[in-house]
Amino acid sequence: MADFAARFKTANAPAHPAAYVQRAAINYFIKERQRERERLPRDLRGGHLVIAAYLDDRLTAGEEEQYIEALLAGLTQAQREVIRLVMDGWSAREIGDKLGKSAENVRQHLKNGRDLLKLHPGIASLAPRKPQDRVVPARGTTSDFGNA
């Protein structure tokens, strides 16, 4: 627009100002699109731009399996067996039948194993946090501040 205003005041004023502004806007956006197309390969070559595929920090299937095995190594043998079978989709009753234990015993092994895994630093940060336990005075009790 500044270019149009400067030209409009001189003898080189465009004959059709609206058409001139329209053509200038179109040229600007076409050139901007060309610059953007050229910028992407240039940024990639220069190392200024990182494609999202390179930022993928998820574990591969093999790495994930190794990580789980390392986590389970800190559990007892019974807890490891129960958790592996639960991960494979077995129910507590099916696991109990397979291992010769009661379903309650299987659930207890599962609970104890989960509790131990939650203490692991790599998992503790992912575990949902419980609200802080607060002591709430019972109704009808008086505080030390009120009745003198």
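Things to note:
- ASP3 being part of a helix (DSSP H, G or I), of a type in the set (D, E, K, R), surrounded by 10 or more Cβ atoms within 10 Å (Cβ to Cβ) and at pLDDT below 70: yes
- For segment 70-88, the set of residues classified as part of a helix (DSSP H, G or I) and of a type outside the set (Val, Ile, Thr) consists of ALA70, LEU71, LEU72, GLN77, ALA78, GLN79, ARG80, GLU81, ARG84, LEU85, MET87, listed by residue number.
- Some residue of segment 127-140 being part of a helix (DSSP H, G or I) and either at pLDDT below 90 or of a type in the set (A, V, I, L, M) (or both): no
The values are calculated or read from the model by the stated rules, or taken from the named source; none is laboratory data. Source: prediction; values computed, not measured. Virtual Cβ from ideal backbone geometry, glycine too; neighbours counted across all protein chains shown.
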